[in-house]
There are 2 protein chains.
Amino acid sequence: MSVNQNKQKTLELRELALRDGLQLTQSFPTTEEKIKLISLEYLAGVRYFEVGSFLPAKTFPQFADIGQLIAYVETLEGTHSSALTLNVRALDDALQTQVNEVVISLSATEEHCQANIKRSIESAINLIRLAINKRNNVDGNPLVSCAISVAFGCSIAGHVDPDNVVRIAVQCAEFGAEKIAVADTVGFAGPSQVYALSKRVIREVGDIPVVIHLHDTRGTGIANAYAALEAGVRVFDGTLGGLGGCPFAPGASGNVAFEDLVYLCERSGFPTGIDLPKLFEARQYLAEVLPNETLGGVIAQALPPKNIDWQAHHFLG
Amino acid sequence: MSVNQNKQKTLELRELALRDGLQLTQSFPTTEEKIKLISLEYLAGVRYFEVGSFLPAKTFPQFADIGQLIAYVETLEGTHSSALTLNVRALDDALQTQVNEVVISLSATEEHCQANIKRSIESAINLIRLAINKRNNVDGNPLVSCAISVAFGCSIAGHVDPDNVVRIAVQCAEFGAEKIAVADTVGFAGPSQVYALSKRVIREVGDIPVVIHLHDTRGTGIANAYAALEAGVRVFDGTLGGLGGCPFAPGASGNVAFEDLVYLCERSGFPTGIDLPKLFEARQYLAEVLPNETLGGVIAQALPPKNIDWQAHHFLG
């Protein structure tokens with residue numbers, strides 16, 4: 001059951017463990033386990049769930065149950081489900097469900113775009129226009145959003161000109177994208193860079209919410225999130241336990257840990273609506289159903305300070 | 001051999017592994033090993049070394065060789081040595097050496113000050129005046145600096161009023177302290193808090209360099225460092241490999257990792273003069289001589305991005 005993202009002034013923290021978190025794991029939870037995980041996170045206050053990618057079940061069995069997960073999220077009051085769609089077929093499949101948002105992924109460099117989704121940047125942008133048209137003909141009225149990968153540096157092409165990212169973001173906005181995610185897919189970003197690019201994208205795309213998607217590969221994930229907060233970003237991606245290792249830095253952490261993001265936001269004066277101790281219970285459950293994965297993140301182990309008031313009580317930003 | 005800190009406009013990164021890093025370790029390196037560590041760090045470009053605390057050798061054998069380390073650092077061109085002194089006797093001992101800086105530690109709360117150094121805040125501030133007088137009568141002319149512990153929250157007293165920290169910093173400055181460190185001793189700080197307090201302290205103490213001393217206990221260490229950089233702080237503490245666990249959060253990391261701090265600064269446009277691959281060699285040596293310690297930090301494992309230019313080439317701040 002969706003809330004209108006575009007009118008939302010407070011923070012939106014998007015939990016992507018069941019999508020970005022499962023792209024590289026050795027094993028994956030059963031559908032029952034995924035549903036229990038979502039329910040535990042929901043009890044902790046999480047409202048945005050990216051539950052998978054519309055991909056062939058044979059090659060990507062971890063996402064075969066995406067329809068069931070979308071249906072489950074829809075039963076929970078005030079939630080928002082999203083799913084990744086990389087081509088027209090995926091889009092058509094997504095539009096048959098009650099998903100609240102379809103995410104179209106493209107890249108800031110042609111090299112990464114070809115390697116990742118086997119199409120050019122231009123072709124990916126056209127997919128957004130197509131998605132908007134298709135969306136307008138179905139009942140569910142899901143948001144159509146885009147995610148610009150390797151926006152802060154590319155594992156294949158190296159340096160990424162911020163002008164290119166801004167141009168792609170503006171094109172996506174002009175073609176109808178209703179939310180624009182700027183992603184540090186390979187953990188190359190530093191906070192000054194995140195601040196500068198976030199400011200520019202926010203300014204250039206007008207009223208469309210800008211999302212920052214961060215990986216903590218090089219220890220700058222939380223600093224980058226803070227820089228984005230300072231730049232005015234109010235929508236963030238993360239995965240519970242930092243699930244989702246980065247293939248380019250074996251042993252290093254992948255996605256920024258959702259629970260660390262919650263702690264950062266609260267400690268910085270932005271209420272999240274999320275109860276950290278309850279979120280730690282969900283994380284513990286995730287650890288149990290994926291015993292071979294090493295979870296990342298710091299706050300679940302260190303715990304928030306016991307004798308100071310670290311939670312945000314009013315909206316500062 | 002000292003450089004004048006007060007005229008230094010670029011960054012100063014202070015490596016404290018042999019002091020703050022050794023306060024809680026099960027074992028400690030031999031003097032020969034410590035000297036080799038300093039020499040490896042020096043080759044990597046490190047210039048500021050806090051080499052120990054003037055404490056009774058019987059109770060604190062890890063600092064018994066402090067005089068030899070100060071003498072060794074003095075043989076290296078362009079370096080700066082410092083040592084902690086908690087009382088008059090330690091001060092007298094320090095002033096008999098060629099140490100370039102004596103650090104007087106006090107706390108932002110009476111409770112922590114009594115527990116940590118067994119004196120009141122007022123008495124600790126008076127020690128600074130005494131140190132200045134004593135320093136003026138010896139040849140070496142070391143700087144006298146102060147470090148305000150638990151400035152962002154206290155493990156004993158809880159919330160710390162920023163007004164108190166500012167008042168203590170100003171008093172220290174008025175009594176002659178030549179550098180003022182603001183310390184997140186127990187890792188309670190968030191970046192907004194660090195930004196706000198750093199700004200205020202810098203404004204209130206005038207030309208005196210303000211140092212930020214951070215612990216990464218709750219995953220916000222690097223974000224806090226970035227916030228301090230943005231607030232105008234140019235002097236930072238860290239320990240190689242994040243050596244120095246926090247007793248209040250077992251299993252969690254302690255001091256912010258020096259090498260992660262270097263990466264953050266370079267990635268944020270601030271040249272450090274430090275060669276990270278060479279610094280990783282020093283870290284590797286530290287791991288070898290302290291095999292029972294788990295080193296922290298991220299960048300030594302993940303390594304900086306290979307195909308982008310992440311180093312700072314000109315001074316931005």
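Near B:Gly297, once Lys and Arg are set to +1 and Asp and Glu to -1 for all other residues with Cβ below 9 Å from its Cβ, the sum equals -2. Ligands, DNA and RNA aside, B:Asp216 has an accessible area near 40 Å² when probed at 1.4 Å. In chain B, the beta carbon lying closest to the axis that superposes B onto A belongs to the residue given here with its whole-angstrom distance, B:Ala223, 2.
For the peptide A:77-89, the mean number of other protein chain Cβ atoms found within 10 angstrom of a residue's Cβ is 0.
Loop-located trypsin sites (Lys or Arg not before Pro) across the stretch A:156-203 with a Cβ neighbour count of 13 or fewer within 10 Å are lacking, with loop assigned by DSSP.
When both the stretch A:112-186 and the stretch B:175-218 are represented by their alpha-carbon centers, they are found 41 Å apart. Note on A:Ser123/A:Gln68: beta-carbon distance plugged into 1/(1 + (r/R0)^6) with R0 of 35 Å gives a FRET efficiency of 0.70. Heavy-atom accessible surface of B:Tyr195, to the nearest 10 Å², is about 80 Å², with a 1.4 Å probe and all protein chains retained.
Peptide B:187-197 shows a mean partner chain C-beta count of 5 within 10 Å per residue C-beta. When DSSP beta bridges are restricted to pairs lying wholly in the stretch B:169-317, around 10% turn out antiparallel. Note that the stretch B:161-268 carries a Kirkwood radius of 13.9 Å, evaluated over its alpha carbons pair by pair.
With the simple model of a label 7 Å out from the Cα in the direction of the Cβ, B:Gln98 to A:Asp92 spans 8.0 nm. Taking a point 7 Å from the Cα of B:Asn136 along the Cα-to-Cβ direction, the residues of the stretch B:167-192 with backbone N closer than 16 Å to it are B:173-178. Across the stretch A:146-152, rounded Karplus estimates of 3J(HN,Hα) from the backbone phi angles (6.51 cos²θ - 1.76 cosθ + 1.60, θ = phi - 60°) give 10, 10, 9, 6, 6, 6, 10 Hz, Gly and Pro being marked x. Summary for A:Thr31: label point 7 Å along Cα→Cβ; distances to the equivalent points in the other copies, ascending, 7.1 nm. Across peptide A:213-221, the mean count of Cβ atoms from other chains lying within 10 Å of each residue's own Cβ comes to 6.
Projected label points at B:Thr25 and B:His313, each 7 Å from Cα along the beta carbon direction, are separated by 3.8 nanometres. The Cα center of the stretch B:46-76 and the Cα center of the stretch A:55-82 differ in position by 59 Å. Taking amide H positions as modeled 1.01 Å from N, with prolines and chain starts lacking one, the residues under 5 Å from A:Leu84 and 5 or more places away or on another chain are A:Gly52, A:Ser53, A:Phe54, A:Val103. Excluding ligands, DNA and RNA, the accessible surface per residue across the protein assembly as shown is 38 Å² with a 1.4 Å probe. For trypsin sites (Lys or Arg not before Pro), the sites in the stretch B:256-317 that DSSP calls loop and that have at most 14 other Cβ atoms within 10 Å are B:Lys306. Computed from the Cβ-Cβ distance with R0 of 51 Å, the FRET efficiency linking A:Leu303 to A:Asn164 stands at 0.75.
What shape does chain A take by its C-alpha gyration tensor, where a ≥ b ≥ c are the square roots of the eigenvalues and a/c under 1.5 counts as rounded, a/b above b/c as prolate, and the rest as oblate? Since a/c stays below 1.5, the shape of chain A is classed as rounded.
When A:Arg47, A:Arg218 are compared by accessible area of protein heavy atoms, the largest-first order is A:Arg47, A:Arg218, using a 1.4 Å probe. To the nearest 100 Å², how much accessible surface do chains A and B cover up together, summed over both, with a 1.4 Å probe? Protein heavy atoms only, the A-B interface buries about 2700 Å².
Helix content alone sets the calculated 222 nm mean residue ellipticity of the protein assembly as shown: runs of n ≥ 4 DSSP H residues at -39500 (n - 2.57) each, divided across all residues, give -11500 deg cm²/dmol.
Sorted from greatest to least, the principal axis extents spanned by the alpha carbons of the protein assembly as shown come out as 86, 43, 43 Å.
Counting only heavy atoms of the protein chains and using a 1.4 Å probe, A:Ile156 has close to 90 Å² of accessible surface. Per the Cauchy relation, a quarter of the hull surface: what is the mean projected area of the convex hull of the alpha carbons in the stretch A:101-223, in nm²? Quarter of the Cα hull surface area: 7.2 nm². Taken along the Cα-to-beta-carbon direction at a fixed 7 Å, the label points for A:Arg203 and A:Glu174 span 1.9 nm.
A convex hull fitted to the Cα coordinates of the stretch A:276-317 yields 103 cubic angstrom per residue.
Seen from A:Asp237, the other residues with C-beta closer than 13 Å to its C-beta sum to a net charge of -4, counting Lys and Arg as +1 and Asp and Glu as -1.
The values are calculated or read from the model by the stated rules, or taken from the named source; none is laboratory data. Quick caveat, the model's predicted, so the values are computed rather than measured. Neighbour counts are summed over all protein chains in view; Cβ atoms, including those assigned to glycine, are modelled from backbone coordinates with ideal geometry. For accessibility, only protein heavy atoms count, side chains too; no ligands or nucleic acids. Shrake-Rupley method; radii C 1.70, N 1.55, O 1.52, S 1.80 Å.
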